[in-house]
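*Asks:* Just dropping this structure here.
The values are calculated or read from the model by the stated rules, or taken from the named source; none is laboratory data. Bear in mind that the values here come from a model prediction, so they are computed numbers and not experimental data. Note that we place each Cβ from the backbone using ideal geometry, even for glycine, and neighbour counts take in every protein chain shown. SASA here: full protein model, heavy atoms, side chains in, ligands and nucleic acids out. Shrake-Rupley method; radii C 1.70, N 1.55, O 1.52, S 1.80 Å.
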Amino acid sequence: PGPFWFSIRTRHAVCPGAAGMDSESFGFLVEWYDSQAHLMREYQLTVFKPQKGPLEAAMYDHKAHRGFLKRTPIPELKMEDLIVGSTVTIYSRHLKVKSYADSHTRSALESKRTSLAILLQPPAFPQLGQLVGCIEAGGLTIKRLRLVNDSGPVVALEVVGDDADLLWSAACGHVPDSAYKQVPREQIEPYFSDRERFPCTAAFDHCTLCIVRPHAMKAGKAGEIMTAIQSAGLEISAAEMLHLQHAEAAELLDVYKGVVPYHKEMVDGMSIAPMLALEVRAEDSAVEKLRELCGPYDVDMARHLRPQSLRARFGVDNANNGVHATDLEEDAEFEVRYVFEMLAIQAR
């Protein structure tokens, strides 16, 4: 049989000799940063949901008036990843979903997908990692997270999911009512946008930077990682989710350029989706203590020598090894300030 192609005039697959639809399809407008040409390129992405098997995708370049990708199975692609503002990966290209291409897609994907605004209260802060873990284990995706000081440490969260209310009710069934408040969405907006009323909580001393890498966030491992940090006696004194632009990730990781052979993959991995930045503090040796908890940078070595370390538990490969941690004591304050004072403000 001939190759599958998609039509830009309909939402359905077109196959020579085939009759009718073989799957449901959804359209998106996406953009991809071409690092070689230093250009942002736009495409129409059509995702096909067959009755059986993985999702399939095809892409069309409107500017060049030509197909860019034939209809192809993409086993790692999930419908829940296709949220406006999110990033999906197809053949190593990180595609940011800008908008839905048609009303069918918008209606189909937004009819059940809802969001909730949650404020984790000061008494629950010592169990922050466990509470975030409950949210992730309950099938909810954390869209935004920021730690602020509001008469004590308060963590503002926006979570999304299909029938989010039902998922949240199940996830928080064993959580005390005093641990959280569910509030209208507009009530948490100042926690993210009003930086004069709710400034960054970072102390910038006795500190180090920890980043939960995007792949670990997408895998729902942020709660487990924060739990490990808190259980090790370290303090989480600032926390914020950020989605870095490719250039921002390259600047943050510039120190590794020419040092590790997978620098490009590190930068790509750090900009593929939102990451969670943490200022981690200790009375002494914060950098050393966090590095000890993270384990060797090489994931295979970590699994062999330090199987309980964060990189052994949550790393996929050396470029996506679960967490970033400041390497040198003298770089710690600079890295924390760069993320929380520069990147966080630029992301507003």
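*Asks:* Can you check what the net charge comes to around Q182, using other residues whose Cβ is under 14 Å from the Cβ of Q182 (Lys, Arg +1; Asp, Glu -1)? Intermediate values should be presented prior to the final figure.
*Replies:* Working: positive: K181, R185; negative: E158, D165, D177, E186.
Every neighbour counted, the sum reads -2.
*Asks:* Which one, S285, S86, S271, has the greatest fluctuation when you compute a Gaussian network model over the chain with C-alpha springs under 10 angstrom?
*Replies:* Largest GNM mean-square fluctuation: S285.
*Asks:* If you take all C-alpha pairs in the chain, what percent of them are over 30 Å apart? The partial results should precede the final answer.
*Replies:* Values: 24568 of 60378 pairs.
Roughly 41 percent, rounded to a whole number.
*Asks:* Under 10 Å from the Cβ of N318, count the other residues' Cβ atoms, weight Lys and Arg +1, Asp and Glu -1, and hand me the total.
*Replies:* Working: positive: R311; negative: E265, D298, D300, D317.
Neighbourhood net charge equals -3.
*Asks:* May I pose another question? What share of Cα pairs, in percent, lie more than 26 angstrom apart in the stretch 228-348?
*Replies:* Working: 1175 of 7260 pairs.
Percentage above 26 Å: 16.
*Asks:* I would also like to ask the following. Summing Lys, Arg as +1 and Asp, Glu as -1, what charge do residues with Cβ under 15 Å from the Cβ of E224 carry, E224 excluded?
*Replies:* Working: positive: R213, K218, K221, R311, R313; negative: E136.
Net charge around E224: +4.
*Asks:* Subtracting the Cα-Cα distance from 0.36 nm times the residue separation, let me have the gained length for D162 to I345 in nm, one decimal. List each step's numbers first, then the result.
*Replies:* On the way: separation 183, 0.36 × 183 = 65.88 nm, distance 3.07 nm.
So the extension gain works out to 62.8 nm.
*Asks:* Let me ask something else. If DNA, RNA and ligands are ignored and the probe is 1.4 Å, what is the ranking of H94, H304 by accessible area, most exposed first? List each step's numbers first, then the result.
*Replies:* Values: H94 40, H304 150 Å².
The most accessible residue leads, giving H304, H94.
*Asks:* Take every Cα pair under 8 Å in the stretch 267-348 that's 6+ residues apart, average their separations, divide by the length, and report that relative contact order as a whole percent. Walk me through the intermediate numbers first.
*Replies:* Values: 71 pairs, mean separation 19.5, N = 82.
About 24 percent, as a whole number.
*Asks:* With a ≥ b ≥ c the root eigenvalues of the C-alpha gyration tensor of the stretch 15-115, is it rounded (a/c under 1.5), prolate (a/b larger than b/c) or oblate? Each step should come with its number before you reach the end.
*Replies:* Values: a/c = 1.66, a/b = 1.18, b/c = 1.40.
Oblate, since a/c reaches 1.5 and b/c is not below a/b.
*Asks:* Would you mind classifying the stretch 116-160 by shape? Square roots of the alpha carbon gyration tensor eigenvalues, ordered a ≥ b ≥ c; an a/c under 1.5 is rounded, otherwise it is prolate if a/b is larger than b/c and oblate if not. Show your work: numbers first, answer last.
*Replies:* Working: a/c = 2.73, a/b = 1.49, b/c = 1.84.
Verdict is oblate for the stretch 116-160.
*Asks:* Could you tell me whether the stretch 172-251 comes out rounded, prolate or oblate from its Cα gyration tensor? Rule is a ≥ b ≥ c as square roots of the eigenvalues, rounded for a/c under 1.5, then prolate if a/b exceeds b/c, otherwise oblate. Please report the intermediate quantities before stating the final value.
*Replies:* Numbers: a/c = 1.39, a/b = 1.15, b/c = 1.21.
Rounded is the answer for the stretch 172-251, as its axis ratio a/c remains below 1.5.
*Asks:* Something else now. With a probe of 1.4 Å, find how much accessible area the stretch 116-157 has per residue, and write the answer as a whole number in Å².
*Replies:* Value returned for the stretch 116-157: 34 Å² of accessible area per residue.
*Asks:* What order, most packed first, do the peptides 177-188, 204-215 have when packing is the mean number of other Cβ atoms within 10 Å of each residue?
*Replies:* Values: 177-188: 13.2, 204-215: 22.7.
Descending packing order for the listed peptides: 204-215, 177-188.
*Asks:* Relative to the longest principal axis of the chain, what angle (0 to 90°, nearest 10) does the C-alpha long axis of helix 222-231 take?
*Replies:* 10
*Asks:* For the stretch 207-291, which trypsin sites (Lys or Arg not before Pro) are both in a DSSP coil and crowded by at most 12 other Cβ atoms within 10 Å?
*Replies:* Working: sites: K218, K221, K257, K264, R281, K289, R291; in loops: K221, K257.
Of the trypsin sites (Lys or Arg not before Pro), the ones in loops of the stretch 207-291 whose Cβ has at most 12 other Cβ atoms within 10 Å are K257.
*Asks:* Restricting to Cα pairs below 8 Å that are 6+ residues apart, what does the relative contact order work out to for the chain? Please round to a whole percent. Working shown, then result.
*Replies:* Details: 684 pairs, mean separation 45.9, N = 348.
For the chain, the relative contact order is 13 percent.
*Asks:* Using the Cα centre of the chain as the reference point, and only Cβ charges (+1 on K/R, -1 on D/E), how large is the resulting charge dipole? Debye, rounded to the nearest 20.
*Replies:* Numbers: 37 positive and 47 negative charges, 317 e Å.
The calculated dipole for the chain is roughly 1520 debye.
*Asks:* Also, quick follow-up: So which of K143/K264; K78/K112; K96/K221 end up more than 20 Å apart by C-alpha? Spell out each step's value before the answer.
*Replies:* On the way: K143/K264 26 Å; K78/K112 16 Å; K96/K221 22 Å.
Those over the limit are K143/K264; K96/K221.
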